[in-house]
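K.L.:
Here's a structure for you.
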Amino acid sequence: MKYLHYHFNLKSNNVVQVDLKSPAYIRLLNEEHYRAYREGKQYRFFGGLAESSPANIKPPHKGEWHLCIDLSGRDGELGATVHIIQEVASTRKQSKSKKRK
């Protein structure tokens, strides 16, 4: 199977942003599941079919992660640009609306 592979050391506040040339499957896997993916065995991942771009995936926790992008038999051109974005915590307080009597 032909796929694009990226290896990252991600923090829990990172977001992986994927810009695709055409709809594709994007999978975020830990080391164990990446090995199973490569060997054609059963594996678990975060992500799925991205039909529009950009697609964002947030790792469930910090650590080493593999991002795999493939077409899984779909028609299209396999190509992507990947960016790691640091998620910014919102510090803005919501204002409460007051009812007028």
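K.L.:
So how do 28-38, 78-88 stack up, highest first, on mean other-Cβ count within 10 Å?
P.N.:
Most protected by this proxy first, the peptides run 28-38, 78-88.
K.L.:
Step by step: find N for the chain, compute 2.2 N^0.38 Å, then divide the Cα radius of gyration by it. What's the final number?
P.N.:
Numbers: Rg = 17.4 Å, N = 101, 2.2 N^0.38 = 12.7 Å.
Its radius of gyration relative to the 2.2 N^0.38 Å reference: 1.37.
K.L.:
Also, quick follow-up: Give me the net charge of Ser12's neighbourhood, meaning all other residues with Cβ under 10 Å from the Cβ of Ser12; Lys, Arg count +1, Asp, Glu -1. Could the numbers behind the result be given before it?
P.N.:
Working: positive: Lys11, Lys58, Lys62; negative: Glu87.
Result for the neighbourhood of Ser12: +2.
K.L.:
Given contacts defined as C-alpha pairs under 8 Å and at least six residues apart, what's the relative contact order of the chain, whole-number percent?
P.N.:
Details: 184 pairs, mean separation 44.8, N = 101.
In percent, rounded to a whole number, it is 44.
FYI, it's all coordinate maths here, none of it is from the lab. Quick caveat: nothing in here was measured; it's all calculated off a predicted structure. Don't worry about glycine lacking a Cβ; one is built from the backbone with ideal geometry, like all the others, and counts go over all protein chains shown.
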